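Here's the structure we're looking at; comments come further down.
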Amino acid sequence: MLSLSLENSVKSEKQVYCCALNSDGSIAAGSSDGSTTLLKADGQRVLKSHKYPVTAVCFTDKFLITASSDHSIILHDYVTGEVHEKLMVHKGPVRCLCVSRDGSLLVSGSSDQTICITNILETPSAVLRHLKLSESDSGMLSGVCVSPDSSVVVSTATSGTVFLHDINNPKPRRCQYDCHEMGVNGCDMSLVDDRNLLCTVGADYMAKLWWVEDNFSLSLHLTLCGHSGQVLCAQFHTIQDGKKTLFTGSVDKTVTIWDVETGDKLHQSICHTSFVYGISAHDEKVVTCSSDKTVKQWGICSGKVKTINVIPLATKDRLGDWSSSQVIGGLIGFS
């Protein structure tokens, strides 16, 4: 039986919208005041590179990359924290980022309904390709991910639509409508049994797993039901003896671990006192962030939960038990 043990908790003065865990154990967290906190073994550094909220963060071997509502993407030198390059490739707030498996391509999605692909190892300021969502879709772009071989880009929209793009074609190859009744909040993709497996998470309280076929169509693999609020974030992660799992975070304040082959719920626990906005896992560690203004690091372990650092959690598990200020504060942060 899997469980999460709390190893560290960092309190912020502002809501924390996104987080990333690097392979060396470093943590980055982006906040509503435009700052990004970088926690490394040798100390903590606050990067004040953006004017408006930081909406996405990710690591490469060379860079810490941040995106913001101020329309910019900034590549920070990972060692010094200094700004290496500022990218203004979108005309609207940048909502999401992902990096290809080889670390060469940066894929960004914006409220301007475009996806930009840049080669951050060669010419980051020059856009390799602009991909566009379907003009007939009324939803706002909510997530992007790229296949392990960098050939397929997937984007999601608050309308419930999933767009599948050939990375060399500016228009979507296929649009899959009504994937989630109340809208899609994000996505992730992984290679399972030599096939691309896509995860979408929705406002309908569900996560769904889809096989991405060679003709850019989707076939539903599993529907994962177990949250009592919108599912806001997800990440595939391989643990222990090679088992492929999915981590999801929700408005219901919980983190859930799923078996992606069977759909079994391997673990679920209340990890924060408000919405879980971000999840990032590496090896036997996972980092979560929340509108409760905390970033928490957890150990993934088998058997009974062992809490190393006790942090009081809310006793109200159901959305109906929340105060109006909790609900309104979280919705403002998510918009």
Quiz item: Do you know which residues across segment 127-147 are farther than 22 Å from Met206 by Cα and open to solvent by 10 Å² or more (accessible area, probe 1.4 Å)?
Solution: Val127, Leu128, Arg129, His130, Lys132, Leu133, Ser134, Glu135, Ser136
Quiz item: Inside segment 277-293, can you point out the residues that are in a strand (DSSP E or B) and surrounded by fewer than 20 Cβ atoms within 10 Å (Cβ to Cβ)?
Solution: His282, Lys285
Exercise. Output the strands (runs of 3 or more DSSP E) that fall wholly within segment 25-90 and possess 1 or more residues being open to solvent by 30 Å² or more (accessible area, probe 1.4 Å), of a type outside the set (S, T, N, Q) and out of contact with any Ser or Thr (no Cβ under 9 Å at 6 or more places or on another chain), or say none.
Key: 43-47, 73-77, 83-87
Quiz item: Which of the residues that make up segment 182-222 are closer than 17 Å to Ser150 by Cβ, open to solvent by less than 30 Å² (accessible area, probe 1.4 Å) and not in a strand (DSSP E or B)?
Solution: Phe216
Quiz item: Among the numbered criteria (1) among the aliphatic types (A, V, I, L, M); (2) open to solvent by 10 Å² or more (accessible area, probe 1.4 Å); (3) under 19 Å from Ser125 (Cβ atoms), which single criterion is violated by Val10?
Solution: (3)
Quiz prompt | Counted residues, segment 148-172 - those being of a type in the set (S, T, N, Q), under 15 Å from Asn215 (Cα atoms) and surrounded by 19 or more Cβ atoms within 10 Å (Cβ to Cβ) | solution = 0
Self-check item: Only listed residue being without any contact (Cβ under 8 Å) to a residue 60 or more places away in the chain, touching an Asp or Glu at 6+ places or on another chain (Cβ under 8 Å) and not hydrophobic (A, V, I, L, M, F, W, C), chosen from Ser228, Ser250, Ser219
Solution: Ser219
Exercise. Tally the residues that are of a type outside the set (A, V, I, L, M, F, W, C), at pLDDT below 90 and under 14 Å from Pro172 (Cβ atoms), restricting the search to segment 114-144.
Key: 8
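Pick out the one residue from Leu21, Leu2, Leu64 that is modelled with pLDDT under 95 and out of contact with any helix residue (DSSP H, G or I) (no Cβ under 9 Å at 6 or more places or on another chain). Quick ask: steps written out before the conclusion?
Numbers: Leu21 fails: modelled with pLDDT under 95; Leu64 fails: modelled with pLDDT under 95.
Answer to the selection: Leu2.
The values are calculated or read from the model by the stated rules, or taken from the named source; none is laboratory data. Please read these numbers as outputs of a predicted model, since none were measured by experiment. Don't worry about glycine lacking a Cβ; one is built from the backbone with ideal geometry, like all the others, and counts go over all protein chains shown. We work out accessible area using only protein heavy atoms, side chains counted, and drop any ligands, DNA or RNA first. Shrake-Rupley method; radii C 1.70, N 1.55, O 1.52, S 1.80 Å.
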